[in-house]
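Read-outs throughout are calculated quantities, based only on the coordinates presented, and are distinct from any laboratory measurement. Computed from a predicted model, the values in this text were never measured in an experiment. Here the Cβ positions follow ideal geometry from the backbone for every residue, glycine too, while neighbour counts run over all protein chains shown.
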Amino acid sequence: MYNAKAYSAASATSQLAPTMIPRRDPGEHDIQIEILFCGICHSDLHQVRNEWSVMPTVYPCIPGHEIVGRVTKVGSAVTKFKIGDLAAVGCLVDSDGNCPDCKAGLEQFCPNMTLTYNSPDVHLGGVTYGGYSDSIVVKEHFVLHVPSNLNPAGAAPLLCAGITTYSPMRHWGVTKDKKVGVVGLGGLGHMAVKFAHALGAHVVVFTTSPNKKDDALRLGVDEVVVSHDADQMNKHVGSFDFILDAVSAEHDINAYIQLLRRDGNITVVGAPDNPHAVSAFGLLFKRRSISGSLIGGIAETQEMLDFCGKHNITADVEIIPIQKVNVAYERLLKADVKYRFSIDMTSLKSK
Ligand code: NAP
Ligand code: ZN
């Protein structure tokens, strides 16, 4: 065991503050990574503030699951990485490897999966600690390769915001000429726009922030709809093949269901705590469906990173030092981020 620098929350109402945490020494299948950048996901904020009744937070909480860094040590059985490689870690650090979900490459649905933070830690006891830290030790299977043409600060958010939007688009067959909606132009939403555009779809973004219009067009959106404008919404009734809902707060999902065409699907990835009230009639007519999606499996995460390498896709990031993390959280709550915060972890050295 060794000590690592980190930022942690002591309670649901505490600010994040500097701390030291234990990390395990790398075992034979493990990789030790010096963290260069870690994205700030809205899930970090939900978890730090204990906003999810289904996943109560254990304190101290060290969030962070959008990790890019350099390999500093490898275990004797590690084959895919060597010291000095650029490496990435997302939301998962372990799973049982034997269940039908793991065998299907869908580790995110394994009943025994371990999340990067706030999951029981089988090695050290307590819970796992995430990427707001100067280093992490992770089993090789859960470590990803970052294409060398991608800048590390912008690549970090691909590990959650990227895969969470890429996976459902692949699952629901987003391709050329499909009409695709993205609800909420935040961290996830702006990645969804980039992927849908790269896959050749006609992309419409629904936003509560009219001032994001120019950015949306620059990111690859074909049409921008301000969601509280009923006239703008009504123009799209019954027309979408697929809509991705990436909103972090309570909102009326029925307004989007009615925009789907026959057999259209809306996939929810945003995770407000309160249940959605879904009208049966919105689904019955036109045989529409609603579904959910959770990050993505390891093989698909590598596929997404390789897709990003090929298409030169990274997140649009505001790079901040860790000392600004609490301010960043307040801005996230106001939908004021362009479009992901990426923490420069070398800033931890100055504290
Ligand atoms: P984010 O960067 O804060 O973006 C959320 C966006 O939602 C905002 O930028 C805003 O977009 C819109 N929004 C915020 N409040 C709203 C309100 N009251 N009504 C309508 N729209 C509102 O968050 P994120 O990191 O992208 O995460 C989004 C959600 O996905 C979070 O709940 C997070 O926990 C969840 N998540 C799920 C998964 C998964 O695997 N399913 C993975 C990661 C994250 P506009 O300004 O354009 O309206
Ligand atoms: Zn996330």
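Some points to look at:
- Trypsin sites (Lys or Arg not before Pro) within segment 30-89: DSSP coil, no more than 16 neighbouring Cβ in 10 Å: Lys80, Lys82
- Where GluC sites (Glu not before Pro) in DSSP loops with at most 15 other Cβ within 10 Å are excluded, longest remaining stretch of the chain: 29-249
- Zone of Ser76's modelled label, taken as backbone nitrogen in segment 5-42 under 18 Å from a point 7 Å along Cα→Cβ: 25-32
- Net lengthening on full extension, Leu124/Lys310 (0.36 nm per residue, minus Cα-Cα): 63.1 nm
- For segment 235-246, Karplus couplings with θ = phi - 60° (6.51, -1.76, 1.60), whole Hz, Gly/Pro x: 4, 9, 4, x, 10, 8, 6, 8, 10, 10, 9, 10
- Theoretical ellipticity at 222 nm over the chain - DSSP helices of four or more residues, -39500 (n - 2.57) apiece, nearest 500: -6000 deg cm²/dmol
- Inter-label distance for His228 and Glu330, nm, one decimal - labels placed 7 Å from Cα along Cα-to-Cβ: 2.2 nm
- Restricting segment 186-264 to trypsin sites (Lys or Arg not before Pro) in coil, as DSSP defines it, with at most 13 other Cβ within 10 Å: Lys235
- Residue order, fewest to most beta carbons within 10 Å, for His251, His65, His276: His276, His251, His65
- Between Ala104 and Ala12, full extension at 0.36 nm per residue minus the direct alpha carbon distance yields a gain of 29.5 nm.
- Gyration tensor verdict on segment 306-351 (Cα atoms; rounded if a/c is under 1.5, prolate if a/b is larger than b/c, oblate otherwise): oblate
- Under a 5 Å amide H cut-off, with hydrogens placed 1.01 Å from N, Ile319 pairs with Ser342 among residues at least 5 apart or on other chains.
- Extended-chain gain in nm, criterion 0.36 nm per residue less alpha-carbon gap, Thr208 and Val54: 52.7 nm
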